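Okay, structure first, notes after.
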Amino acid sequence: MSKKGIVYLIGAGPGDPKLITVKGLECMQNSDTIVYDRLAGDRLLTFARPGTELIYVGKSPDRHTLKQDEINKLLVEKASQGRTVARLKGGDPFVFGRGGEEAEALSEAGIIFEIVPGVTSAIAAPAYAGIPVTHRDFTSTMAIITGNEDPLKEDSSIQWDKLATGVGTLVFLMGMSNLPSITRRLIENGRPPQTPAALVRWGTRPEQQTLTGTLGDISEKAAWAGFSNPAVIIVGEVVSLREKLSWYEQKPLFGKRVLVTRSREQASALSEAIEDLGGEPLEFPTIGVAEPLDYKPLDQAIDELAAFKWVIFTSVNGVACFFNRLRRRNKDIRELAGARICAIGPKTREALERYGLLVAYVPGEYRAEEIVAGLQGKVNAGDRVLLPRADIARKVLAEALTGMGALVTDVAAYRTVMGGGDSAEIKKKLLNGEIHAVTFTSSSTVLNFAKMLDYPDLENLLKRVIVACIGPVTADTARELGLKVDVTAEEYTIEGLVKAMLEYFKQARRHHTAG
């Protein structure tokens, strides 16, 4: 019996990828094919499972990739092949999303479908601009109106006489080209010209822009500012609350799109910190973690663990890979009973403590040179020291410990390999000025970034971008490639990197304001 196809008509939300519903995300991740439009948000597609067929059918006011009847046929065709199809639509599929038409076509073809409601921009964009669409002190009514219909046509389906004075808050979607006509029609039908009005462009995204005025002057202000779709038009007394309730645009990294070059497994901590501060993280994993080509050196060290006086871990990856191998060798932390443990920094220490280990030493400055300085007098001549770390780790630590008379076993617990980020897309965004900062958390991320982009003039490509490095070693690697380094963290942690970026942007704002 052949598999029956199904189509999920999913509201992808207004732009912020976290505003998709839990059910919408689950349906998308379980789909064989994703059919998406331009307002669905590129970052949502990163949640698709590997191998998912992605089909773009986006529409803009001046260009349609596919006409609506062609999209309908596409959905029917894919589902008829037994595929699970996610139709991702910006906002909510039934709020001017033509989801009803797609559902009708599926119904007529006998295709099973489900509707997954989404957060409409009619509510979300005003909310992110600090404008509640209803408020007990102002109004308990609101209306959502298409802005695409020409307000001056004689057979308008909009009852302007009732709308103008009968509803407290009016929200028009995709109406920028008709804004002068909309405002004029509302005033002609009794709405006072002094009524507060606002425009919110690209609501909930880093590019969000908000323009406020009155019904009488908002069109002139929009023309002067060059405001265009996609934008939401809000008319009503609730707009006056924006000055008090604006929150999103006040976040310290608002408007900044930050490239995260860490491995996919480690990117989340930095991405979440950027997002919490109002920025948009764009993940471009330049490195990945793989098993060593040869486990014999690490296995031999594990068999001789009882002989080591010190085991030094220089990364969270090193901890994870070492203990994974320990388990696969049917051994546990009791093998480390005679060794003292050193961690290069607090995150590495936390990773070790999760295994129930006490860390004897963490340097005040999180780099190899500081480990050596701190172990002076603690490591004696003839002590065996184990370094389970990356295959390309710097030799400074091993050489310095050997110089102190220690017997050092430096083994690869894992390999650092090239990541799998979309280089072409990142180059395009850099050239278009869509990326404001690039973060590097190790020398490997810098070197692989350069190799993956393979751009003849990397310095020029990043000239408008803030380059932020987790510490001086990483910064030196970036400079060797000809890059200007704008930010170097004083504390060599993700928290320290974020703090340094915040301080940089704060100083830049002060300078801009003073200028």
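The values are calculated or read from the model by the stated rules, or taken from the named source; none is laboratory data. Every value quoted in this text rests on a predicted model; they were computed, and no experiment measured them. Note that each Cβ is placed from the backbone with ideal geometry, even for glycine, and that neighbours are counted across all protein chains shown.
Each row is one residue, and each column tells you yes or no for (1) over 18 Å from the mean Cα position of the chain (by Cα); (2) in contact (Cβ under 8 Å) with a residue 12 or more places away in the chain.
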residue	(1), (2)
ALA267	no, yes
ALA273	no, yes
ILE287	no, yes
ALA290	yes, yes
LYS296	yes, no
ILE302	yes, yes
PHE308	yes, yes
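If the condition is being modelled with pLDDT of 90 or more, polar (S, T, N, Q) and in a loop (DSSP other than H, G, I, E, B), then the range 237-280 contributes SER246, THR261. When GLY482, GLY421 are screened for being at positive phi and either in contact with a Leu (Cβ under 7 Å, 6 or more places away or on another chain) or surrounded by 15 or more Cβ atoms within 10 Å (Cβ to Cβ) (or both), only GLY482 passes. Taken as a whole, the structure leaves THR439 outside the set of residues that are surrounded by 14 or more Cβ atoms within 10 Å (Cβ to Cβ), of a type in the set (Ser, Thr, Tyr) and farther than 15 Å from LYS256 by Cβ.
Of the helices (runs of 4 or more DSSP H) that lie entirely inside the range 387-466, those containing 3 or more residues that are within 17 Å of PHE313 (Cβ to Cβ) and touching a strand residue (DSSP E or B) at 6+ places or on another chain (Cβ under 8 Å) span 396-403. Of the numbered criteria (1) of a type outside the set (A, V, I, L, M); (2) in contact with a Gly (Cβ under 6 Å, 6 or more places away or on another chain); (3) modelled with pLDDT of 95 or more, the one PRO17 fails is (3). Here the range 340-383 is the region considered, the condition is being surrounded by fewer than 18 Cβ atoms within 10 Å (Cβ to Cβ) and in contact with an Asp or Glu (Cβ under 8 Å, 6 or more places away or on another chain), and the residue that is modelled with the lowest pLDDT is GLY364. For the range 221-234, does any single residue satisfy the condition of being surrounded by 15 or more Cβ atoms within 10 Å (Cβ to Cβ), over 30 Å from ARG136 (Cβ atoms) and among the aromatic types (Phe, Trp, Tyr)? The answer is yes, given that some residue of the range 221-234 is surrounded by 15 or more Cβ atoms within 10 Å (Cβ to Cβ), over 30 Å from ARG136 (Cβ atoms) and among the aromatic types (Phe, Trp, Tyr). Take ARG354 and tell me if it is over 23 Å from ASP383 (Cβ atoms) and touching a helix residue (DSSP H, G or I) at 6+ places or on another chain (Cβ under 9 Å). Considered against the rule, which asks whether it is over 23 Å from ASP383 (Cβ atoms) and touching a helix residue (DSSP H, G or I) at 6+ places or on another chain (Cβ under 9 Å), ARG354 comes out as yes. Within the range 462-515, the set of residues being farther than 21 Å from LEU270 by Cα and basic (Lys, Arg) comprises LYS463, ARG464, ARG479, LYS484, ARG509, ARG510.
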